[in-house]
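A quick write-up on the structure given underneath.
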């Protein structure tokens with residue numbers, strides 16, 4: 001691929017990550033992490049805004065009490081926000097319930113106390129739909145794209161060894 005064309009492609013195809021400094025941004029980030037499965041990252045990161053458009057909100061408390069099947073139906077409407085609507089509905093509702101139960105409904109609380117990297121990965125992995133790989137990607141993005149401070153008790157770029165596209169997009 002022509003180098004100049006490739007750079008332009010990266011500008012237009014790089015996932016648009018949510019702004020963490022907004023009220024809804026941390027939850028949008030978390031929904032993007034959950035939806036980053038079996039689809040291109042550029043599409044996964046748009047899922048939260050698609051939910052907002054379809055539901056009229058992106059409120060953690062309202063999502064936590066929503067029926068998983070109803071949310072799956074919203075996700076699966078044409079054009080589907082994700083091909084695995086039932087799984088994403090279950091995971092998003094479950095993650096929102098856990099956020100309400102453990103973190104007073106604040107996704108930002110997962111990282112705002114500056115846990116060490118291992119603890120933050122464990123916190124992400126406690127959420128439905130987030131395993132080790134997604135948790136490592138979330139850690140990488142928070143630190144390298146957003147500048148979130150975490151205790152560095154181990155290398156933070158583990159996700160890069162399993163995801164070459166991440167390095168392409170985020171210039172590492």
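Tabulated results
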quantity	calculated
Scattering curve values for the range 75-121, log₁₀ I(q)/I(0), Debye with Cα scatterers, q = 0.28, 0.30 Å⁻¹	-0.93, -0.98
Contact order relative to length of the range 16-170, as percent, for alpha carbon pairs under 8 angstrom and 6 or more apart	19 percent
Mean Cβ count within 10 Å, highest first, over the residues of peptides 124-130, 52-58	124-130, 52-58
Fewest-first ranking of 61, 45, using other Cβ atoms within 10 Å as the exposure measure	61, 45
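Where a number appears in this text, it was derived from the coordinates with a stated rule and is not lab data. Nothing here was measured: the structure is a model prediction, and the numbers come from that model. Positions of Cβ are generated from backbone atoms using ideal geometry, with glycine treated the same way; all protein chains shown enter the neighbour counts.
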